[in-house]
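Here is the structure we will look at.
The values are calculated or read from the model by the stated rules, or taken from the named source; none is laboratory data. Owing to the predicted nature of the structure, the values given are computational and were not obtained by experimental measurement. FYI the Cβ positions are ideal-geometry reconstructions off the backbone, even for glycines, and counts take in every protein chain you see. Each accessible area value is taken on the protein alone, full model and side chains, heavy atoms only, with ligands, DNA and RNA left out. Shrake-Rupley method; radii C 1.70, N 1.55, O 1.52, S 1.80 Å.
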Amino acid sequence: MALVAAVVLVLEACGIVLLNWILSIVVDRQQMSLAGLEPGAMSTGSWVGGGVFGLYLLLCAGILVRTALRDRAPGGFARIVLISAVVVHGMVGAFAIGLVGWVAFVAMMVVLALLVFTLVAYGEGPRARGGDGPAADGAPTAPRPAAPGAV
């Protein structure tokens, strides 16, 4: 699932960059202005914003590919990046209902579900939580003894 999510994020990154490139062309050709900003500044801002967001999505896709290839949960920083991507997709999905429609909302929720599923599927594991799981060699570990005086 991590590889599927990575492919979807790469496609989304390409779509975001393309959309912002088209928006920058429209703003520049129509000489649109907002609150006195120069059309050139708005065009450049749209292009740079789309590029930065596209790079962010590519970073998330790279983390997902690494997670899939290593078959281990992402580390601390990588996990935080993926969680931030989940939050961003949730917020964009909520805004998409009113601005674009239900199809865009469903698309954002599918990406959100893929990200959440990847985070849950590659969770911390029983050893990191201190539970009874297999040891590094695959042999089951003995349960932890109860504390003295525990009921």
Conditions (1) open to solvent by 40 Å² or more (accessible area, probe 1.4 Å); (2) touching a residue at least 12 places away in the same chain (Cβ under 8 Å); number of the one not met by ALA94: (2)
Pairs, first of a type in the set (Phe, Trp, Tyr) in the range 97-121, second surrounded by 15 or more Cβ atoms within 10 Å (Cβ to Cβ) and not in a helix (DSSP H, G or I), C-beta under 9 Å, six or more apart: PHE117/MET1
Residue within the range 45-63 that is under 18 Å from PHE117 (Cβ atoms) and in contact with a Lys or Arg (Cβ under 9 Å, 6 or more places away or on another chain) present: yes
Selected residue (criterion: nearest to VAL26 (Cα to Cα)) from residues of the range 44-67 that are touching a residue at least 24 places away in the same chain (Cβ under 8 Å) and small (Gly, Ala, Ser): SER46
When residues of the range 42-81 are limited to those that are of a type in the set (S, T, N, Q) and more than 16 Å from GLY123 (Cα to Cα), the one surrounded by the fewest Cβ atoms within 10 Å (Cβ to Cβ): THR44
Restricting the range 98-138 to residues that are touching a Gly at 6+ places or on another chain (Cβ under 9 Å) and modelled with pLDDT of 55 or more, the residue that is nearest to SER84 (Cα to Cα): LEU112
